[in-house]
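The values are calculated or read from the model by the stated rules, or taken from the named source; none is laboratory data. The structure displayed is predicted, hence computed values, not measured ones. FYI the Cβ positions are ideal-geometry reconstructions off the backbone, even for glycines, and counts take in every protein chain you see. Only protein heavy atoms, including side chains, enter the accessible area calculation; ligands, DNA and RNA are left aside. Shrake-Rupley method; radii C 1.70, N 1.55, O 1.52, S 1.80 Å.
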Amino acid sequence: MFSSLGRQCPNDYNPAEYYLTQLASATSSNGDGKKDNSEFVDKCIRAFQQSTYNQLLMGTITDIKQIPYNELSFAMKYNEFISSESQKESELDSNFFRQMKWLLWRAFKSGARDPVRTTSLLLRSLIPAMIVGIIYFQSAKTPQTVQNSNAIVHITLGTNCITNSFVVLATFPAAMKIFLRERKRRLYNTGAYYLTKLIADLPFFILMPLLYSIIIYWLVGYRTDWRFFLLFCSTTVLATLASVAFHHIIAALAQTIDDAVSFALPFIETAVLFTGFMINNASIPIYFKWFQYATWFYYAFSVILIGLWAPIANIPSCKFEEYCFQSGKEVLQHYAIPVKMFWFDLTMLFVLIIAYHLIAFGIVLIRAKRS
């Protein structure tokens, strides 16, 4: 009907949103604009009144009015029963992979239009990377710049983990409301929804920390070693994925975006302290060790620092006796990071990603059943 009136919906636009926008614009108070929009709405009403669908609808209403009340009540209950049964059958007929196919299609469509996941996230990732890279531009490897090199690692992990996690906090609570409503209608099962969401989000949460890491690495002037370059970038990506997975737990528990952010902020501010940079690992009280081992910051920071300093046999220009690191081994000893724990720390990043997502999925499943 809209196309016949000269308002064809663009191919890359959501039809429902386009049609509502065309009709809602009639309430604008822009003089001539209001007149034109009102005329268009009047044309829509006349076109609908003359349509075949309207004639069939009016005929159905007339037939229903002639049915006695008892028969009508029985007919309505019968239709409700048939509708519920057909709904169950459609759920059984729609297999898991078919559900994932259409959920992925919708997720990629909506994700590409969402500025929180595209333009906004890109700017919030690349601009800080340029600023940090310029501040620490081509830092020389001397005892006096050891702290700078370690600070860059700390900043890289903190910025990427926090920035990408807030995307989850800003979108997942609203997505949960849509999911719970559609789950009541038995459109798809919980496993298909959650797995699809992970697959659709994965490119965003890999690309953003990867771009940030590449910019930082070459601006700062880390050594030209392709193995450490891969380690630096991949560990940053893994830490970001672990942070995103954890914040899925918070977002799944929260009813609103404000609640999710309020719950997440205290944990993030505390977890950043336990990387090993802000507080030396050797001085952390024993009753806080469990918290350190449950966070991704500690493992990622340790992995990158081992890769950065373990191969350095000699740090030149050591002029100060008291605070002077002569080798990379001394740097690691100062931060209480054992080299032998490298593979364990790297493995723990994968373990945390899987564990966090399993917990988040369990929460989503419980909420779906309770609703």
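Brief remarks follow.
- Subset of the range 238-287 that is free of Cβ contacts under 8 Å to residues at least 60 places away in the same chain and either among the β-branched types (Val, Ile, Thr) or in contact with a Cys (Cβ under 9 Å, 6 or more places away or on another chain) (or both) - its residue that is farthest from residue 129 (Cα to Cα): 286
- Residue among 156, 190 that alone is modelled with pLDDT of 85 or more and in contact with a Leu (Cβ under 6 Å, 6 or more places away or on another chain): 190
- Any hit, the range 261-270, residues being modelled with pLDDT under 90 and more than 30 Å from residue 368 (Cβ to Cβ): yes
- Of all the residues in the range 182-236, those that are closer than 26 Å to residue 138 by Cβ, open to solvent by less than 20 Å² (accessible area, probe 1.4 Å), hydrophobic (A, V, I, L, M, F, W, C) and under 16 Å from the mean Cα position of the chain (by Cα) number 1.
- Residue identified as under 18 Å from residue 359 (Cβ atoms) and free of Cβ contacts under 8 Å to residues at least 24 places away in the same chain among 296, 290: 290
- Checked across the range 258-268, the condition of being over 19 Å from the mean Cα position of the chain (by Cα) and surrounded by 20 or more Cβ atoms within 10 Å (Cβ to Cβ) holds for no residue.
- Inter-residue pairs, beta-carbon under 6 Å, first in contact (Cβ under 8 Å) with a residue 60 or more places away in the chain and closer than 15 Å to residue 242 by Cα and in the range 187-207, second of a type outside the set (Ser, Thr, Tyr) and crowded, with 19+ Cβ neighbours inside 10 Å, 6+ apart: 204/117
- Scanning the range 263-315 for residues that are of a type in the set (A, V, I, L, M), assigned to a helix (DSSP H, G or I) and over 29 Å from residue 169 (Cβ atoms) yields 282, 286, 306, 308.
- The residue pairs whose first member lies in the range 161-181 and is more than 30 Å from residue 298 (Cα to Cα), whose second member is part of a helix (DSSP H, G or I) and open to solvent by 40 Å² or more (accessible area, probe 1.4 Å), and whose beta carbons are closer than 8 Å, counting only pairs six or more residues apart or on different chains, are 174/257; 176/367; 180/367.
- The listed residue being touching a Pro at 6+ places or on another chain (Cβ under 8 Å) and either at pLDDT below 85 or surrounded by 21 or more Cβ atoms within 10 Å (Cβ to Cβ) (or both), out of 164, 150: 164
- Verdict on residue 355 being open to solvent by less than 20 Å² (accessible area, probe 1.4 Å) and either assigned to a helix (DSSP H, G or I) or touching an Asp or Glu at 6+ places or on another chain (Cβ under 8 Å) (or both): no
- Pairs, first touching a residue at least 24 places away in the same chain (Cβ under 8 Å) in the range 359-371, second hydroxyl-bearing (Ser, Thr, Tyr), C-beta under 8 Å, six or more apart: 360/194; 361/190; 361/194; 364/190; 364/193; 364/194; 365/190; 368/190
- Residue 162 vs. criteria among the β-branched types (Val, Ile, Thr) and over 14 Å from residue 240 (Cβ atoms): no
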